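Read-outs throughout are calculated quantities, based only on the coordinates presented, and are distinct from any laboratory measurement. Bear in mind that the values here come from a model prediction, so they are computed numbers and not experimental data. Glycine also receives a Cβ, built like all others from the backbone with ideal geometry; neighbour counts cover every protein chain displayed.
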Amino acid sequence: MGLLDARISNRNVLVTSVDNVMNWARLSSLWPMGFGLACCAIEMMATNASNYDLERFGIFPRSSPRQSDLMIVAGTVTMKMAERVVTLYEQMPEPRYVLSMGSCSNCGGPYWNHGYHVLKGVDRVIPVDVYVPGCPPRPEALIGGLMKIQELIRMEGLGISRQDALKKLAEKSVDPQQVIDQVRKSATA
Amino acid sequence: MEEAANQMSPAVQQSKAAYDNIKERFGDAISEFDANPTMPFFEVLDVSRWVDIALYMRDNSLLQFNYLACLSGVDYPEEQKLGIVCNFECIGKYTHKIAVKVKCPRDGGSIPSVSCVWHTANWHEREAYDMYGMVFEGHPDLRRILCPEDWTGFPLRKDYQVQETYHGIKVPY
Ligand code: SF4
């Protein structure tokens, strides 16, 4: 899948497209912005820490939006925070990606009805590329979401818009139920 | 009366003793003692004397309520009132505890601030104001503390209706 899996000829020459190299470089060093908003952030930090070790994917948090290309919205976005999130998003250089982590930032989560102060989904203020469900999502789920972002980057290229890439990604998606059934069957067999 | 006192737990008896001391000094300004087993309390009836009572409770050598453990707001829509409940303890000399309730009218009511007596009250009163909208007279910095500054309404009032939009962002689900 990756660039390094391609065969390298005997003189260390590798023939590939610019798109490929660019995308490989970008998806192998996704730098998320280091900020967390609520309980989900704890899980995100756990994913960053040694057990799940996000650095093996080249992912490590940056302290400035100007150095980041990924925003992990981990937690409850309050109305007060919503505008700050927009400002931070606007400060990130393009191309930038947004991963919404957990029910709260997906749709308001437990506060969907009585949480007067909670934004009911961060996609009301910034465009979201990947949603990770859960309250909170396990680190495996977050890593799954990050791999989706990597896949999305792989789909992009010269003359291919983000919209097209997202469409391609959606076409490639598999129904999780089938995978679950398969695993169940092989477990019982 | 004697029997009732005997039924009180030792903790409530301690609170009763502290109450009797305050009652002796302030008389009709405070209500009767409520021997609630989890939170024995009395109410301040003459709200204008609340700061005097507070100072007395803090400085009297037999009371020494030097610790304001909590200050919460309450909405009483049936009585058309808002109120606060303050939980006091003494750290050091005594083990007694007591709670004090102070009420004010629901519309445009105000309660004297005790932030000059216990500094803890500063933020707690701001929170009560933020959630219920009663004014604390004499508070040095009465601003909202949790909600955005330009938020409309007071969220913990029973009849609170959330606003439709905030800065152009839809609020309800
Ligand atoms: S989705 Fe659940 S775990 Fe995550 S921030 Fe909201 S309440 Fe916390």
Being surrounded by 21 or more Cβ atoms within 10 Å (Cβ to Cβ), within 14 Å of another protein chain (Cβ to nearest Cβ) and β-branched (V, I, T): is that true of A:V73 here? no
Of the residues that sit in region A:118-128 and are buried (at least 21 other Cβ atoms within 10 Å of the Cβ) and on the phi < 0 side of the Ramachandran plot, which one is nearest to the ligand (Cβ to nearest atom)? A:V118
Those residues of region A:24-47 which are of a type outside the set (S, T, Y), within 16 Å of the ligand (Cβ to nearest atom) and in a helix (DSSP H, G or I) amount to A:C39, A:C40, A:A41, A:I42, A:E43, A:M44, A:M45, A:A46
Among the listed residues B:A17, B:A29, B:A54, B:A35, identify the single one that is of a type in the set (A, V, I, L, M, F, W, C), surrounded by fewer than 17 Cβ atoms within 10 Å (Cβ to Cβ) and either in contact (Cβ under 8 Å) with a residue 12 or more places away in the chain or within 27 Å of B:R126 (Cα to Cα) (or both). B:A17
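Which residues, taken from region B:115-161, are of a type in the set (V, I, T), within 14 Å of another protein chain (Cβ to nearest Cβ) and buried (at least 16 other Cβ atoms within 10 Å of the Cβ)?
Within region B:115-161, just B:I145 meets the criteria.
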Working only within region A:69-92, note down all residues that are among the hydrophobic types (A, V, I, L, M, F, W, C) and more than 16 Å from A:R124 (Cβ to Cβ). A:L70, A:I72, A:A74, A:M92
Members of region A:141-189 that are in a helix (DSSP H, G or I), in contact (Cβ under 8 Å) with a residue 12 or more places away in the chain and loosely packed, with under 11 Cβ neighbours inside 10 Å: A:K172
Which of (1) closer than 23 Å to B:Q161 by Cα; (2) in contact with a Pro (Cβ under 9 Å, 6 or more places away or on another chain) does A:V98 not meet, given it meets every other one? (1)
Per-region count, region A:78-113, residues in a loop (DSSP other than H, G, I, E, B) and facing chain B (nearest Cβ under 9 Å): 3
Which numbered condition A:S105 fails, given (1) without any contact (Cβ under 8 Å) to a residue 60 or more places away in the chain; (2) buried (at least 18 other Cβ atoms within 10 Å of the Cβ); (3) among the polar types (S, T, N, Q): (1)
Looking at region A:115-139 only, could you name the residues that are in contact (Cβ under 8 Å) with a residue 60 or more places away in the chain and assigned to a helix (DSSP H, G or I)? A:P139
Being of a type in the set (F, W, Y) and within 14 Å of another protein chain (Cβ to nearest Cβ) narrows it down to one of A:Y131, A:Y116, A:Y52, so name that one. A:Y116
